[in-house]
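What follows is calculated from the coordinates using simple rules that are stated; it is not laboratory data. What you see is a predicted model, and the numbers here were worked out from it, not measured in a lab. Positions of Cβ are backbone-derived with ideal geometry, glycine not excepted, and every protein chain shown enters the neighbour counts.
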Amino acid sequence: MGVAADERQALSALLDQVGPDAPTLCEGWQTRDLAAHLVLREHRPDAAAGIMVPPLAGHTRRVQDQYAAKPWSELVEQVRSGPAWFWPTRIGAVDEAANGAEFLVHHEDVRRGQPGWEPRAADPARDAAAWRSVKAVSKLNLRKSPVGVVLRTPDGRQATVKAGPDVVTVVGAPVELLLFVFGRDAVRVEFEGDAAAIGQLRELSRGI
């Protein structure tokens, strides 16, 4: 299996464990909301569009709430079993490209929403997928940064993702950098640069 499939199964197992009312890193969402979001985006193309298109967000919210109201075991099983038969991510390679970062980030949203979390041990496949995703999305997600941004892993891999003054370097493992780029604050990263510039980057609303 690929990282997307592995993370889907791990997240589903964690959802079974923590239940429908556990906190997550997604502001305003409990686990039932996050699970409903994942099912919606793989089963309801009419509603999934509203994730990215603000005028359609109301419809998306209504459909998501309908999924969230389902019995918890049924909702988690829909997450675990994957997309509807007609969805392109039924194809393994498409699933990996489209869902690798999605399920990795949302798995960590649940893990790190619980008290006492710690980063998982390094995993070569997961870390490689996270670094690919970091390079793919960081220029978009950090496009509004008022300062320059460089991302660097402890082993020296580096990506300049935003040109600008007062460059800040964010150092962390690939998964930590991915979560940072997607706007999460429950991360283990270090910042190098001017203190004021670091403050500006940390206050930035990161993500799409």
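Please give the charge dipole size of the stretch 111-169, origin at the Cα centre, charges +1 on K and R Cβ atoms and -1 on D and E Cβ atoms. Round to the nearest 20 debye.
280 debye
Between the listed residues GLN17, ALA57, PRO88, the Cα displaced farthest toward the positive end of the dipole of the stretch 3-111, a dipole computed from Cβ unit charges relative to the Cα centre, is found at ALA57. Structural size metrics of the chain, computed from C-alpha coordinates, are Rg and Dmax of 17.4, 51 Å. What you get for the stretch 1-152, charging only the Cβ of Lys and Arg (+1) and of Asp and Glu (-1), is a dipole of about 580 debye around the Cα centre. For the stretch 23-39, putting each phi into the Karplus relation 6.51 cos²θ - 1.76 cosθ + 1.60 with θ = phi - 60° gives couplings of x, 9, 7, 7, 4, x, 10, 8, 4, 5, 5, 5, 4, 5, 4, 5, 5 Hz, in residue order, rounded to whole numbers and with x for Gly and Pro.
Kirkwood Rh and Cα-based Rg: tell me the resulting Rg over Rh for the stretch 135-203, rounded to two decimals.
Details: Rg = 10.6 Å, Rh = 11.7 Å.
Rg/Rh: 0.91.
Can you give the Rg to Rh ratio of the stretch 1-124, both from alpha-carbon atoms, with Rh computed by the Kirkwood formula? Radius of gyration relative to Kirkwood radius: 0.95. Here the stretch 59-74 and the stretch 149-208 have alpha carbon centers that stand 34 Å from each other. Phi angles of the stretch 180-187 translate, via the Karplus equation with coefficients 6.51, -1.76, 1.60 and θ = phi - 60°, into HN-Hα couplings of 4, 5, 8, x, 7, 9, 7, 9 Hz per residue; Gly and Pro are given as x. Annotation: amide H of LYS162 within the under-5 Å range of VAL149, sequence separation 5 or more or interchain, hydrogens built in the peptide plane.
Using mean Cβ contacts within 10 Å as the protection proxy, how do 135-146, 29-40 order, highest first? Intermediate values should be presented prior to the final figure.
Numbers: 135-146: 16.4, 29-40: 23.2.
Ranked from most to least packed, the peptides come out as 29-40, 135-146.
Against the empirical 2.2 N^0.38 Å (N residues), the stretch 80-130 has a Cα radius of gyration ratio of 1.35. Within the chain, DSSP assigns beta bridges of which about 65% are antiparallel (rounded to the nearest 5).
Helical runs (DSSP H, four residues minimum) scored at -39500 (n - 2.57) apiece and divided by the length of the chain put the mean residue ellipticity at 222 nm at -16500 deg cm²/dmol. Relative protection proxy for 160-170, 115-125, from highest mean packing down: 160-170, 115-125 (other beta-carbon atoms within 10 angstrom).
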